[in-house]
Structures are given as C-alpha cells and as structure tokens.
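The next block holds one structure in the form of structure tokens; read it before the comments.
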Amino acid sequence: QVQLVESGGGLVQAGGSLRLSCAASGRTFSSYAMGWFRQAPGKERGFVATISWNGGSTSYADSVKGRFTISRDNAKNTLYLQMNSLKPEDTAVYYCARHRTALGGTGLYEYPSWGQGTQVTVSS
C-alpha cells in the first residue's frame with residue numbers, strides 16, 4: 001500500500017508562486033502515473049494535472065494550463081506541482097494521487113491512492 005504525503009502549501013499573494021511536493025513510499029512509484037487534484041470549500045474535488053509513469057506525457061485542466069507544471073523525480077519517489085501566477089480562485093486543498101495505470105487520466109475514480117492534502121490559500 002503506497003503512502004503519499006503532500007507538502008509545500010501555504011499563503012501567497014495573487015501573482016505569486018508555490019511548489020507542491022508529494023513524497024511516495026514504496027518501490028512502485030515509477031510504475032504508475034500520478035495526478036494532482038484540488039478541492040475548494042463547498043466544491044467537489046477536481047482534476048488539476050496528471051503525468052505518466054516516466055514524465056513523457058502530461059495533461060492539465062484548462063483553468064491551470066500555462067500556469068502550473070507537473071513533474072516527477074522517480075529516483076526520489078517525488079511528484080511536484082509548480083504553480084505560478086496564482087489567483088484567488090486557486091485557493092483549495094491540493095491532493096496528490098496515484099493512478100491505477102502507467103499512463104494517467106483525469107477521472108477522480110481512476111486514482112485509488114490519495115494523500116491527505118495540503119492547503120493553498122491565495123490572497124487578493
């Protein structure tokens with residue numbers, strides 16, 4: 001059973017940047033695609049970005065395209081989300097998750113393993 005631990009969240013002004021990290025336990029990190037999701041108060045958890053097992057393929061939600069970059073370091077068992085040009089509407093709890101395959105996807109239920117989340121707050 002993989003364990004995922006997010007870090008790097010915090011309070012930032014609009015236009016600022018943050019980099020989230022997700023540390024994964026176990027030896028199977030490099031075999032699976034990974035993803036980032038977020039959940040704002042009163043809203044459903046939604047897709048942010050996904051990356052394939054080797055980083056060769058990525059996909060983003062339209063709302064973050066051009067501002068966020070997902071990446072991974074398989075040698076360190078770590079997933080990243082670089083967030084630039086942050087907006088108040090990016091405020092949410094951000095979760096990393098492991099996909100059920102090596103290729104990834106955007107569907108919430110394609111991800112059987114989740115971290116506990118890290119809060120990102122963007123002030124205007």
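The values are calculated or read from the model by the stated rules, or taken from the named source; none is laboratory data. For clarity, every value in this text was computed on a predicted model and none was experimentally measured. Reconstructed Cβ throughout: ideal geometry from the backbone, glycine too, with neighbour counts over all protein chains shown. To get the accessible areas, we keep the full protein, side chains included, count just its heavy atoms, and leave off ligands, DNA and RNA. Shrake-Rupley method; radii C 1.70, N 1.55, O 1.52, S 1.80 Å.
Give me the one-decimal nm value for the distance between modelled label points at ASP62 and SER124, 7 Å along each residue's Cα-to-Cβ direction.
Inter-label distance under the simple model: 2.3 nm.
When ligands, DNA and RNA are left out and all protein chains stay put, how many square angstrom of accessible area per residue does segment 33-124 have with a 1.4 Å probe?
Here the per-residue accessible area is 48 Å².
Report, please, the projected area of the chain averaged over directions, based on the convex hull of its C-alpha atoms, in nm².
Result: a mean projected hull area of 6.7 nm².
Largest first, how would VAL12, VAL64 line up by accessible area (1.4 Å probe)?
VAL12, VAL64
If ligands, DNA and RNA are left out, what is the accessible area of LEU103 with a 1.4 Å probe, given in Å² to the nearest 10?
Rounded to the nearest 10, the figure is 130 Å².
How would TYR111, TYR95 line up by accessible area, probe 1.4 Å, largest first?
The ordering from most to least exposed comes out as TYR95, TYR111.
Which of the trypsin sites (Lys or Arg not before Pro) found in segment 1-87 are in a DSSP loop and have at most 12 neighbouring Cβ atoms, other than their own, within 10 Å?
ARG27, LYS43, LYS65, LYS76
Of the heavy-atom accessible surface of segment 7-124 (probe 1.4 angstrom), what whole percent is carbon and sulfur?
That share works out to 47 percent.
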